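See below for the structure under consideration.
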Amino acid sequence: MSEVVVLGSGFAGLWAALGAARRLDELGAANGDVHVTVLSSQPYHDIRVRNYEADLTPCRIPLRDVLEPAGVGHITADVTAIDPMSRTVKTSVGTHDYDRLVVALGSRVVKPDIPGLRQFGFDVDTYDSAMVLQRHLEVLAGGPHTPAASTVVVVGAGLTGIETASELPARLTALFPDTAARVILVDHNSHVGSDMGLSARPVIEAALNTTGVQTRLGVRVTAVDEDGATLSTGETLAASTVVWCAGMRANPLTADLGVARDRLGRLPVDDYLRVDGVQDVFAAGDVAAARMDDTHLSVMSCQHGRPMGRFAGYNVISDLLGEPMLALRIPWYVTVLDLGPAGAVYTEGWDRQVVASGAEAKATKRTINGQRIYPPLNGDRGALLAAAAPMLQSRPSAAG
Ligand SMILES: Cc1cc2nc3c(=O)[nH]c(=O)nc-3n(C[C@H](O)[C@H](O)[C@H](O)COP(=O)(O)OP(=O)(O)OC[C@H]3O[C@@H](n4cnc5c(N)ncnc54)[C@H](O)[C@@H]3O)c2cc1C
């Protein structure tokens, strides 16, 4: 009996587990010979990329619906340590041995040591934290409708911050119909969306303008409290809600593997998703830096995390059973950024050239968020295994 353990049930972990089950099926290996088990702190596959949206009802999928039909076990537990020497994983419910391990523990937003930030700042990093923000806004709406109550400061004008800020004016208007909604996007860079490049920037700026999102650029937040945020310019922004969207780092448990990590805390992996220098351990998703082509490393994204998971799942079983593995390379890169009521912006290539915007790009974003990244939900084993094939999806259509 061999044990394949997958840590995490996000985009990389779910697809690694299903990819492993599919490869076992393909090789005709009896399930009694190889167990695949997912260890995750939640019994869910969360559609994390949608956490900025107002309605999170479709964003939490029970693991029993997608893993059990494929014969994959799952245990709800917090992983606390990984020991590659003894080939064990420690969790809140005990110690688990593995023959092969896939680390897919994702990333977390980093909240720096700014006075009041950890106590009063919100985020949309996880389903739970996005729900805490939602309930906070609902509580505010049930109290006095002051200007501060209907004001949100969003810190970080990267992709998550822009998507969050763009969605908020409509949410606030629904909650505070009699008070002006105010959303202020703050960033220490002198431009919004500095990662999105020159081609997309004018589209993003125009969209924020149309949606009524204000900006404070080239400034830092120096303090947060229940009444708002203080900026490095000395300006105080009166707001009952501050949402922190700046800076992501890979799960700190990656340190346990004892190899040099990149500046985002990611593990170096080869083309087969094996962690460089660590026997029998694979990594996928935000915890891993994989080569996508001869010059580019993977980006922390579900776009890369899902195929990395599928290939890690295929390869972990192939490696265990002495069968050939498959190298992962992804020859295309796109970004589709939601701009709320102003639509979306769709870029192609690593230099992020705009190919669509407005309603056309929004239709693509809806297809991605609502269909493309979902596993089959009908409990059909064949459909789940087919969806986990180690193949690249074609790039999303720029027209919906
Ligand atoms: C608001 C928002 C919008 C985004 N928009 C986009 C987008 O438009 N396009 C895009 O490509 N990417 C987007 N991203 C990034 C994307 O969500 C991540 O890159 C993706 O989720 C990474 O997948 P993953 O499986 O590596 O990690 P995750 O999806 O974070 O999954 C990690 C898993 O590990 C589990 N876990 C973590 N720690 C432990 C522990 N100690 N013990 C047990 N289990 C643990 C978690 O519960 C989870 O199941 C967005 C992110 C956010 C927050």
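Any read-out appearing in this document is the output of simple, stated calculations on the displayed coordinates, not a laboratory observation. In this text the structure is predicted, and so the values were computed from the model without any measurement. When we count neighbours, we look across all protein chains shown, and the Cβ atoms used for this are built from the backbone with ideal geometry, even at glycine.
Being more than 10 Å from the ligand (Cβ to nearest atom) and either closer than 23 Å to Asn369 by Cβ or part of a strand (DSSP E or B) (or both) is the filter here, so list the residues in the stretch 16-48 that pass it. Of everything in the stretch 16-48, those that are more than 10 Å from the ligand (Cβ to nearest atom) and either closer than 23 Å to Asn369 by Cβ or part of a strand (DSSP E or B) (or both) turn out to be Ala17, Leu18, Gly19, Val34, His35, Val36, Thr37.
Report those strands (runs of 3 or more DSSP E) wholly inside the stretch 326-383 carrying at least 3 residues which are under 18 Å from the mean Cα position of the chain (by Cα) and within 12 Å of the ligand (Cβ to nearest atom). Write out each step before concluding.
Values: elements: 334-338, 344-348, 353-357.
Hits in the stretch 326-383: 334-338.
Scanning the stretch 283-301 for residues being more than 21 Å from Asp319 (Cβ to Cβ), more than 9 Å from the ligand (Cβ to nearest atom) and not acidic (Asp, Glu) gives a total of 4. Scanning the stretch 76-90 for residues that are among the β-branched types (Val, Ile, Thr), in contact with a Ser or Thr (Cβ under 7 Å, 6 or more places away or on another chain) and more than 17 Å from Ser2 (Cβ to Cβ) returns Thr76, Val79, Thr80. Within the stretch 40-64, take every residue that is of a type outside the set (Ser, Thr, Tyr) and closer than 19 Å to Arg310 by Cβ and give me the one that is surrounded by the fewest Cβ atoms within 10 Å (Cβ to Cβ). It comes out as Ile61. Among the residues making up the stretch 225-247, those that are crowded, with 21+ Cβ neighbours inside 10 Å and within 25 Å of the chain's Cα centre (by Cα) are Thr241, Val242, Val243, Trp244, Cys245, Ala246.
Mind checking whether some residue in the stretch 74-89 is in a strand (DSSP E or B), over 23 Å from Met308 (Cβ atoms), in contact (Cβ under 8 Å) with a residue 60 or more places away in the chain and among the acidic types (Asp, Glu)? Checked against the condition, which is being in a strand (DSSP E or B), over 23 Å from Met308 (Cβ atoms), in contact (Cβ under 8 Å) with a residue 60 or more places away in the chain and among the acidic types (Asp, Glu), the stretch 74-89 yields at least one hit. Restricting attention to the stretch 1-33, the residues that are farther than 17 Å from Gln303 by Cβ, aliphatic (A, V, I, L, M) and buried (at least 22 other Cβ atoms within 10 Å of the Cβ) add up to 9.
Exactly one residue among Pro177, Pro202 is part of a helix (DSSP H, G or I), of a type outside the set (A, V, I, L, M, F, W, C) and either away from the ligand (no atom under 14 Å from the Cβ) or over 29 Å from Gly10 (Cα atoms) (or both), and that residue is Pro202. Pairing each residue of the stretch 365-380 that is in contact (Cβ under 8 Å) with a residue 40 or more places away in the chain with any residue that is among the β-branched types (Val, Ile, Thr) and assigned to a helix (DSSP H, G or I), provided the two are 6+ apart or on different chains, yields C-beta distances under 6 Å for Pro375/Val66.
The requirement of being in contact with a helix residue (DSSP H, G or I) (Cβ under 6 Å, 6 or more places away or on another chain), of a type in the set (Asp, Glu) and closer than 30 Å to Arg171 by Cβ is not satisfied by Asp286.
Residue-wise test of (1) surrounded by fewer than 18 Cβ atoms within 10 Å (Cβ to Cβ); (2) of a type in the set (Ser, Thr, Tyr); (3) under 23 Å from the mean Cα position of the chain (by Cα).
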residue: Leu168; (1), (2), (3): no, no, yes
residue: Leu185; (1), (2), (3): no, no, yes
residue: Ser199; (1), (2), (3): yes, yes, no
residue: Val203; (1), (2), (3): no, no, no
residue: Thr210; (1), (2), (3): yes, yes, no
residue: Val213; (1), (2), (3): no, no, no
residue: Ala223; (1), (2), (3): yes, no, no
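For the stretch 258-284, what are the residues that are over 18 Å from Met325 (Cβ atoms) and buried (at least 20 other Cβ atoms within 10 Å of the Cβ)? Listed by number, the residues that qualify are Gly265, Arg266.
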